[in-house]
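One structure below.
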Amino acid sequence: SLPARSVGFFRSNGGAVCIMAVNRGQWLGLLEAMGRLELADDPRFLDHPERLANLDALVRIIEDWILGVGDDETLFALLEKHRVPHAPVLKTAEAMAHPHARERGAVRTMPDRALGQLDIPGPPFRFSAFPQLPVLEAPFLGQHNQEVLGSLLGMSAAEVAALEADGTLASEPIPA
């Protein structure tokens, strides 16, 4: 759910929408889409500071309009026609399944030795020197106990095993 006072995020018939009308042209485009050009001269909404000071009233006006438009597809067509930047607010599962997110690599499928294939968020940025992201694999609890304690502290396998046996170190069996 959306906070009661949120700049740019509004309830819609399909869930929620982000509308960014931050410059004068976008603001006027939103007012045209709403059929409310008279609000351009309303002292409460003359500029961004005034709109913020009167945010509760503005959100009510915009949400009443949005909910009266009908479905989100109709809403988005109106906003597009008036060149108002907008986007649906997606739930996590929707964002992870979105074709654009998958194509851009914002969602990656990674192998996990215990759970199989997992979808995880990928980085939103890319570097030309590293076109392919590395395959990452999280270690199991205690998987590197011997390697780390042996190399850093010079502990033998028997000493590490004794620490694991008395519960000082935690580890879990590594599946084959």
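The values are calculated or read from the model by the stated rules, or taken from the named source; none is laboratory data. Just so we're clear, the structure is a prediction, and the values are computed from it rather than from any experiment. Note that each Cβ is placed from the backbone with ideal geometry, even for glycine, and that neighbours are counted across all protein chains shown.
Results, tabulated for the structure shown:
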{"read-out": "Helices (runs of 4 or more DSSP H) contained entirely in region 1-113, each with at least 1 residues that are surrounded by 15 or more Cβ atoms within 10 Å (Cβ to Cβ) and basic (Lys, Arg)", "value": "48-53, 99-103"}
{"read-out": "Residues that are touching a Gly at 6+ places or on another chain (Cβ under 9 Å) and either polar (S, T, N, Q) or assigned to a loop (DSSP other than H, G, I, E, B) (or both), drawn from region 146-158", "value": "Ser156"}
{"read-out": "Of all residues in region 159-171 being assigned to a helix (DSSP H, G or I) and small (Gly, Ala, Ser), the one that is nearest to Pro139 (Cα to Cα)", "value": "Ala161"}
{"read-out": "So Gln143, is it touching a Ser or Thr at 6+ places or on another chain (Cβ under 8 Å), in a strand (DSSP E or B) and either surrounded by 10 or more Cβ atoms within 10 Å (Cβ to Cβ) or among the polar types (S, T, N, Q) (or both)", "value": "no"}
{"read-out": "Selected residue [modelled with pLDDT under 90 and over 24 Å from the mean Cα position of the chain (by Cα)] from Pro134, Pro139, Pro121, Pro111", "value": "Pro139"}
{"read-out": "Number of the condition not met by Phe125 [criteria: (1) of a type in the set (Phe, Trp, Tyr); (2) under 30 Å from Ala21 (Cβ atoms); (3) surrounded by 11 or more Cβ atoms within 10 Å (Cβ to Cβ)]", "value": "(3)"}
